[in-house]
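Enquirer: What follows is a single structure, and I will ask about it in a moment.
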Amino acid sequence: MQPQISFILPAKNEEGSIDILYSEIIEVLKKIKKSYEIIIIDDGSTDKTYQKALDLAKKDNNVKIIKLRGNFGKSVGLQIGFSKAQGEIIFTMDVDLQDNPKEIPNFLKKLDEGYDLVSGWKKKRHDPISKTIPSFIVNTLVKMMSGLNIHDVNCGFKAYRRVVIQNLNLYGDLYRFIPVLAHRQNFKVTEIPVEHRARKYGKSKFGWKRFVSGWLDLLTLFFLIRYLRRPGHFFGTLGFSSFFAGFLIGLYIAYLRITTGGIQYRHPLLFLGMLLMIIGVQLISTGLIAELIIHTKSKLDYSSYIEAETN
């Protein structure tokens, strides 16, 4: 029988939390009386997370385990989970116990109001300032760029209608911006305040590498928001600007040659003009190739990442 709700739980080194989170989810599901499946994605754990997940699957046939061959990141884990989920409503949660399953009915109530994606808002966070300040800055910039008025775009606690996940194509660290990607496809996106609990087990995955990659992904997001369906406009604008600047320099050099009979010490300027024109042609060509790719693109196949899968 097809489950009503699917839970996708990406996990890496969360051996102390996974049993507790499972019990909390089941306790809520018993109250709301919904059929379910729980998909645990082991993203290269080096502790006993995978074994504990297997133990859960042995006692509950609704638990499915997918073990990846290594640590491929949360985007890959989520995309694989989305491809396997069968429920009409899909929840994503972090396994570190900072998300409280008691909020599940509130998400369902918000979806019943007609929304397609409901994201959690950790209004009162139990994170160090080294994490909350960068998060605030990124969320503010995302809000300004996208026009989507939510406070916490990267909260892992989300509820989706099935149609939303069928239209997501995640890679890199774009999972951080899922509400924006859905909003750009005209899905109805909103948020609700959720309880954010302090971490009890394991270690936070946030570090300087993730901080730096976050800013690079923000740049990617800007490109996707403005030029997702027309990359030729982005590269074309840069290309024509570069070519035109080089062309003007060329005209100036030609003017000097005609009026003075030589270009004297203008050779570096001549080379700059030639370089700008060449770069312009290359950028325009890149834009045309990007347009061809857009029209022939297909979702990435992550099947080769999987080492083992239950059920």
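Enquirer: Between Asp55 and Ile133, how high is the FRET efficiency from 1/(1 + (r/R0)^6) when r is the Cβ-Cβ distance and R₀ = 41 Å? Nearest 0.05.
Expert: It comes out at approximately 0.55.
Enquirer: Hey, another quick one. Would you mind calculating the relative contact order of the chain from Cα pairs under 8 angstrom and at least 6 residues apart, reporting the percent as a whole number?
Expert: Worked out over the chain, it gives 21 percent.
Enquirer: Step through the residues of region 93-102 one at a time and calculate ³J(HN,Hα) from phi using the Karplus curve (6.51 cos²θ - 1.76 cosθ + 1.60, θ = phi - 60°), rounding each to whole Hz and writing x for Gly and Pro.
Expert: 9, 7, 8, 7, 6, 6, 8, 9, x, 5
Enquirer: Moving on. Search the structure for amide H atoms under 5 Å from the amide H of Lys188, placed 1.01 Å from N in the peptide plane, and list their residues when 5 or more places away or on another chain.
Expert: Here the answer is Asp116, Leu117, since their amide H atoms fall under 5 Å of that of Lys188.
Enquirer: Still on this model: May I ask you to order 248-261, 173-186 by the average number of other C-beta atoms within 10 Å around their residues, highest value first?
Expert: Descending mean neighbour count gives 173-186, 248-261.
Enquirer: Choose one of Ser119, Leu97, Tyr227: the residue whose Cα lies farthest towards the positive end of the charge dipole of the chain (beta-carbon charges +1 Lys, Arg; -1 Asp, Glu; about the Cα centre).
Expert: Projecting each Cα onto the dipole axis, the largest value belongs to Tyr227.
Enquirer: Moving on to the next point. Normalised by the number of residues in region 18-134, what is the relative contact order in percent for Cα pairs under 8 Å and 6+ residues apart?
Expert: 28 percent
Enquirer: Residue by residue through region 195-200, which ³J(HN,Hα) values in whole Hz follow from phi under the Karplus form 6.51 cos²θ - 1.76 cosθ + 1.60 (θ = phi - 60°), with glycine and proline marked x?
Expert: Ordered by residue, 3J(HN,Hα) equals 6, 10, 9, 5, 5, 9 Hz.
Enquirer: A further question on this structure: Pull up all non-local amide H partners of Lys48: gap of 5 or more, or a different chain, and H-to-H distance under 5 Å with H placed in the peptide plane.
Expert: Amide H neighbours of Lys48, under 5 Å, 5+ apart: Glu15.
Enquirer: With Cα extents along the principal axes in Å defined as stated, name the option among [x] 54, 41, 39; [y] 90, 38, 35; [z] 73, 48, 39 computed from the structure displayed.
Expert: Computed from the coordinates, Cα extents along the principal axes in Å corresponds to [y].
Enquirer: Once you have the Cα-Cα distance between His233 and Thr259, take 0.36 nm times their residue separation minus that, and quote the gain in nm to one decimal.
Expert: Stretched out fully, the His233 to Thr259 stretch lengthens by 5.5 nm.
Enquirer: Do you know the relative contact order of region 230-294, to the nearest whole percent, from alpha carbon pairs under 8 angstrom that are 6+ apart?
Expert: 57 percent
Enquirer: A follow-up question, please. Using a 7 Å offset from the Cα along the Cα-to-Cβ direction at both Leu141 and Asp19, what is the distance between the two label points in nm, to one decimal?
Expert: 4.2 nm
Enquirer: At what distance in nm do the modelled label points of Phe222 and Glu309 sit from each other, each positioned 7 Å from its Cα along Cα→Cβ?
Expert: 3.8 nm
Enquirer: Using the crude model of +1 on Lys and Arg Cβ and -1 on Asp and Glu Cβ, and no other charge, please compute the dipole size for the chain relative to its Cα centre, in debye to 20.
Expert: Magnitude of the dipole: close to 460 debye.
Enquirer: While we're looking at this one, here's another question. Residue by residue, what Karplus-based ³J(HN,Hα) values in Hz, rounded to whole numbers, does region 10-15 have, using 6.51, -1.76 and 1.60 with θ = phi - 60° and x for Gly and Pro?
Expert: Per-residue couplings from phi come out as x, 9, 9, 6, 10, 4 Hz.
Enquirer: Within the chain, which DSSP H helices have Cα atoms that stretch 27 Å or more along the helix axis and a mean Kyte-Doolittle hydropathy of at least 0.0?
Expert: The answer, listed by residue number, is 208-227, 231-260, 267-296.
Enquirer: Please list, ordered by chain and number, the residues whose modelled amide H lies under 5 Å from the amide H of Ile8; skip anything fewer than 5 residues away on the same chain.
Expert: Residues meeting the criterion, in which the H sits 1.01 Å from N, are Ile39, Phe91, Thr92, Met93.
Enquirer: To continue, here is another question. Starting from the Cα-Cα distance between Lys102 and Leu269, subtract it from 0.36 nm times their residue separation and give me the gain in nm to one decimal.
Expert: Length difference between fully extended and current span is 53.4 nm.
Taken together, the values in this text are just the output of simple stated rules run on the coordinates, not laboratory data. Model, not experiment: these values are computed from the prediction. Note that each Cβ is placed from the backbone with ideal geometry, even for glycine, and that neighbours are counted across all protein chains shown.
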